[in-house]
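Chemist: My questions will all concern the structure given below.
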Amino acid sequence: MTDLLSGFRAMWTELAPIGRRPDGGYDRFAWTGADLELRAWFRRTATARDLVVEQDRNGNLWAWWGHDPAGGAPPAGALATGSHLDSVPGGGAYDGPLGVVAAFLALDELRAGGAAPSRPVAVVGFTEEEGARFGVACLGSKLSVGALDPGRACALLDATGTSLADAMHGAGNDPGALGRDEERMGGLAAFVELHVEQGRFLSDAGAAVGIATEIWPHGRWRICLEGEANHAGTARLEDRRDPMLPFAAAVATARTAAAGRGGLATVGRVAVRPNATNAVAASVEAWLDARAPAEVTLEEIVGEVRAEGERSAAEHGVSCRVVEESRSAAVAFDEELRARVARALGDAAPEMPTGAGHDAGVLAQVVPTSMLFVRNPTGVSHSPDEHASDEDCVDGVRALSRVLEELVWQ
Ligand SMILES: [Zn+2]
């Protein structure tokens, strides 16, 4: 335990300064300087362990035990564990990196026994999981399983107008190689992702580690409201076409619609024109993020927000369009693998659904996949307040190592 604890702390200390902002949050966006530093850290960490590192066609990093990628794709039956190293703007330290650090340490545990693996095992770090730079979440894993068209990916733009193709090229990579990685995905027998919990389920359950059962269906919708700009001091209230009013109605409805159905709905991003204190707004664009335990519930929540937005818009002479921007179906993690993971953990870890998307949810389309969560006492994520104690992280490493042990020699 002591060795694992000091091993964990040493790796965590190495990562701590990379992409850190003065306020303690992290900006770790794909193919930026911070990302390249993280990639260099991944390579150093792997090489120090005699693992063989390769970067796949989609920019994801793999560190192999028991396989030399120079000889081609991994053979059928390979295992992979890991997560991502990128962050949302001002994100926390744990979302992503904990899964990569835990994967390296779990592999250390496994290898300490001295036995050769009966199948290759990789630590993997996926690219742009948060979609913070180019707007598509799970970019690297979606490309790998063929869920994202490479041409569309290349043309994605960041906030400064730089395309993914240019960003990759600038970092010395060939964006022409992007695309489905059938051989690699086909070789994987299982992928296990450890992740910090993004809610308080485990905290309330009094457990350090839990097993994911499913990822809720979720999506993003853009609400476009067009009214008319006017003078805040002279335009009579009854003459206004103020898009802020249907916007406010839609936000309030998102809350009640989700609360009444056990789902989640959030409007966390809004763009107002002209965005002036003394002007009635001309237009409002707002983004709705909604998640629910079932597809039909998700439809109901979004339907209610849409109906109220349209009703209120009509009342105020404003036009209203609700456009679906992305949609992820429910993911049920592989039953057989989940049973094996539960057995490896002595049936002691609670099982829980999650409302957050992950690379594991994307890979689940083509590979048996499982997820472990580590307790986050604040329940806060995508913020500097996201936290897990060192002891719980080490419990996570031990759980992951037991799971890999169950899988690697079977
Ligand atoms: Zn994550």
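Chemist: Please indicate, with yes or no, whether at least one residue in region 250-270 is assigned to a strand (DSSP E or B) and touching a Lys or Arg at 6+ places or on another chain (Cβ under 6 Å).
Modeler: yes
Chemist: Of the residues in region 347-360, how many are in contact with a helix residue (DSSP H, G or I) (Cβ under 9 Å, 6 or more places away or on another chain), open to solvent by 10 Å² or more (accessible area, probe 1.4 Å) and within 15 Å of the ligand (Cβ to nearest atom)?
Modeler: 1
Chemist: Among E386, E405, E391, which is the only one that is surrounded by fewer than 24 Cβ atoms within 10 Å (Cβ to Cβ), assigned to a loop (DSSP other than H, G, I, E, B) and of a type outside the set (V, I, T)?
Modeler: Sole residue among the options that is surrounded by fewer than 24 Cβ atoms within 10 Å (Cβ to Cβ), assigned to a loop (DSSP other than H, G, I, E, B) and of a type outside the set (V, I, T): E386.
Chemist: Tell me, yes or no, whether region 80-94 has at least one residue that is away from the ligand (no atom under 13 Å from the Cβ) and surrounded by fewer than 21 Cβ atoms within 10 Å (Cβ to Cβ).
Modeler: For region 80-94, residues away from the ligand (no atom under 13 Å from the Cβ) and surrounded by fewer than 21 Cβ atoms within 10 Å (Cβ to Cβ): present.
Chemist: Please go through region 101-139 and give me each residue that is closer than 21 Å to P74 by Cβ, more than 15 Å from the ligand (Cβ to nearest atom) and touching a strand residue (DSSP E or B) at 6+ places or on another chain (Cβ under 8 Å), ordered by number.
Modeler: F104, A106, L107, L110, R111, P117, R119, P120, V121, A122, V123
Chemist: Here is a further query. Given the residues T213, T266, T234, T277, which is the only one that is free of Cβ contacts under 8 Å to residues at least 12 places away in the same chain, more than 16 Å from the ligand (Cβ to nearest atom) and of a type in the set (S, T, Y)?
Modeler: The conditions single out T234.
Chemist: Just one of (1) touching a residue at least 40 places away in the same chain (Cβ under 8 Å); (2) open to solvent by 10 Å² or more (accessible area, probe 1.4 Å); (3) not in a strand (DSSP E or B) trips up R220, so point out which.
Modeler: Only one criterion is unmet by R220, namely (3).
Chemist: Next question. May I ask you to verify whether T162 is within 13 Å of W31 (Cβ to Cβ), open to solvent by 20 Å² or more (accessible area, probe 1.4 Å) and at pLDDT 95 or above?
Modeler: Against the criterion (within 13 Å of W31 (Cβ to Cβ), open to solvent by 20 Å² or more (accessible area, probe 1.4 Å) and at pLDDT 95 or above), T162 qualifies.
Chemist: State all residues of region 217-250 that are out of contact with any helix residue (DSSP H, G or I) (no Cβ under 8 Å at 6 or more places or on another chain) and closer than 30 Å to E335 by Cβ; if no residue qualifies, say none.
Modeler: R220
Chemist: Restricting to region 49-63, and then to whatever is hydrophobic (A, V, I, L, M, F, W, C) and either within 16 Å of the ligand (Cβ to nearest atom) or under 12 Å from L188 (Cβ atoms) (or both), can you tell me which residue is farthest from the chain's Cα centre (by Cα)?
Modeler: Applying the filter and picking the extreme gives W62.
Chemist: Which condition from (1) of a type in the set (G, A, S); (2) within 22 Å of the chain's Cα centre (by Cα); (3) surrounded by 17 or more Cβ atoms within 10 Å (Cβ to Cβ); (4) outside any loop (DSSP other than H, G, I, E, B) is the one that A40 breaks?
Modeler: (3)
Chemist: Ok, one more. Kindly indicate whether V196 is within 14 Å of the ligand (Cβ to nearest atom) and closer than 28 Å to G90 by Cα.
Modeler: yes
Chemist: The conditions are (1) open to solvent by 50 Å² or more (accessible area, probe 1.4 Å); (2) of a type outside the set (K, R); (3) out of contact with any Leu (no Cβ under 9 Å at 6 or more places or on another chain), and G25 fails exactly one of them. Which is it?
Modeler: Exception for G25: condition (1).
Chemist: Out of contact with any Pro (no Cβ under 8 Å at 6 or more places or on another chain), of a type in the set (D, E), assigned by TED's automatic domain parsing to the domain that holds A171 and farther than 29 Å from A153 by Cβ, is that true of E109?
Modeler: Yes; evaluated as a whole, the condition is true for this residue.
Chemist: Name the pairs: first residue in region 120-132 and under 17 Å from S383 (Cα atoms) and outside the structural domain of A70 (by TED's automatic domain parsing), second residue modelled with pLDDT of 95 or more and of a type outside the set (D, E), Cβ to Cβ under 7 Å, at least 6 apart or on different chains?
Modeler: none
Chemist: Report, by residue number, each residue of region 64-76 that is buried (at least 16 other Cβ atoms within 10 Å of the Cβ) and within 20 Å of G179 (Cα to Cα).
Modeler: Within region 64-76, P69, A73, P74 qualify.
Here's the yes/no breakdown for (1) open to solvent by less than 60 Å² (accessible area, probe 1.4 Å); (2) assigned to a helix (DSSP H, G or I):
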{"position": "K142", "(1), (2)": "yes, yes"}
{"position": "A167", "(1), (2)": "yes, yes"}
{"position": "E193", "(1), (2)": "yes, no"}
{"position": "D204", "(1), (2)": "no, yes"}
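The values are calculated or read from the model by the stated rules, or taken from the named source; none is laboratory data. What you see is a predicted model; the values in this text were computed from it and never measured. Virtual Cβ from ideal backbone geometry, glycine too; neighbours counted across all protein chains shown. Heads up: the accessible areas ignore ligands, DNA and RNA and are worked out on the full protein's heavy atoms, side chains in. Shrake-Rupley method; radii C 1.70, N 1.55, O 1.52, S 1.80 Å.
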